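Before any comments, here is the structure.
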Amino acid sequence: MLKLDITLDDDQLQKAVQKAPGALRHRLKAAVSRGAAELSRDARGFAPKAFTTLTNSIRSRVDGELSRIVGPNVDYGVYVENGAGPGGAPSLQSVLDWVRVKRITPNNPQHDEQDLAFMIRRSIARKGTEPQKYMEPAVDAKRDRITGLMHSAVSNALKESGFV
């Protein structure tokens with residue numbers, strides 16, 4: 001998955017960390033949580049939707065005091081984002097369910113939904129799948145916003161600590 005690192009290398013920041021770590025830590029934790037929540041909301045908006053399983057699984061979870069991981073909690077999320085090469089295939093039942101949700105009908109009247117699902121599954125096994133980016137555009141859309149949240153947190157902590 002993608003990783004968004006934001007580094008604030010500033011003399012004022014260093015002073016604030018030394019003199020007012022509590023205020024800075026509190027403000028930065030709030031900014032990180034807010035940024036992660038907004039990023040997960042945007043990622044859900046970009047996620048492809050047949051079923052809402054992938055979309056509803058996109059969450060923010062704590063990785064450290066000032067670190068969050070945003071992404072889906074389903075195994076196949078990475079394959080949707082990055083695509084999949086030849087060799088693997090989803091279960092026949094999941095493809096059949098997808099065909100039904102999308103209301104796809106076979107072109108050949110001699111085939112039914114089960115036949116169509118089998119052919120789609122076989123095609124995925126042979127060719128793989130194309131990427132359907134949802135995390136990358138969400139990160140691109142939120143990068144400036146999250147950077148702004150972090151800068152505001154530092155600025156507010158400095159003000160609160162009497163530096164500004």
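List of remarks:
- Filter on 102/133; 29/49; 29/142 - keep pairs with C-alpha separation over 28 Å: 29/49
- Inter-site label distance for residue 63 and residue 151 at 7 Å from Cα along Cβ, in nm: 2.3
- In this structure, the amide hydrogen of residue 68, modeled 1.01 Å from its nitrogen in the peptide plane, lies closer than 5 angstrom to those of 63, counting only residues at least 5 positions away or on a different chain.
- Accessible surface of residue 152, taken over heavy atoms with a 1.4 Å probe and every protein chain present, rounds to 60 Å².
- Tensor-based shape of the chain (alpha-carbon gyration tensor, a/c under 1.5 rounded, otherwise prolate or oblate): prolate
- Build a GNM of the chain with springs between Cα atoms under 10 Å apart, and of 56, 73, 108 the one that fluctuates most is 108.
- Per DSSP, loop trypsin sites (Lys or Arg not before Pro) in segment 60-120 with at most 15 further Cβ within 10 Å: 102, 103
- Close amide H pairs (under 5 Å, H built 1.01 Å from N) link residue 59 with 71, 73, residues at least 5 positions away or on another chain.
- Average accessible surface area per residue within the chain, 1.4 Å rolling probe, Å²: 63
- Residue-averaged 222 nm ellipticity for the chain, from DSSP H runs of 4+ at -39500 (n - 2.57), nearest 500: -19000 deg cm²/dmol
- Of all accessible heavy-atom area on the chain, the percent that carbon and sulfur account for (1.4 Å): 48
- What the phi angles of segment 147-158 give under the Karplus curve with 6.51, -1.76 and 1.60, with θ = phi - 60°, is a coupling list of 4, x, 4, 5, 4, 5, 4, 5, 4, 5, 5, 5 Hz, glycine and proline written as x.
The values are calculated or read from the model by the stated rules, or taken from the named source; none is laboratory data. Quick caveat: nothing in here was measured; it's all calculated off a predicted structure. Ideal geometry is used to build each Cβ from the backbone, glycine not excepted, and the neighbour counts take in all protein chains shown. Quick note on the areas: whole protein, heavy atoms, side chains included, nothing else; ligands and nucleic acids left out. Shrake-Rupley method; radii C 1.70, N 1.55, O 1.52, S 1.80 Å.
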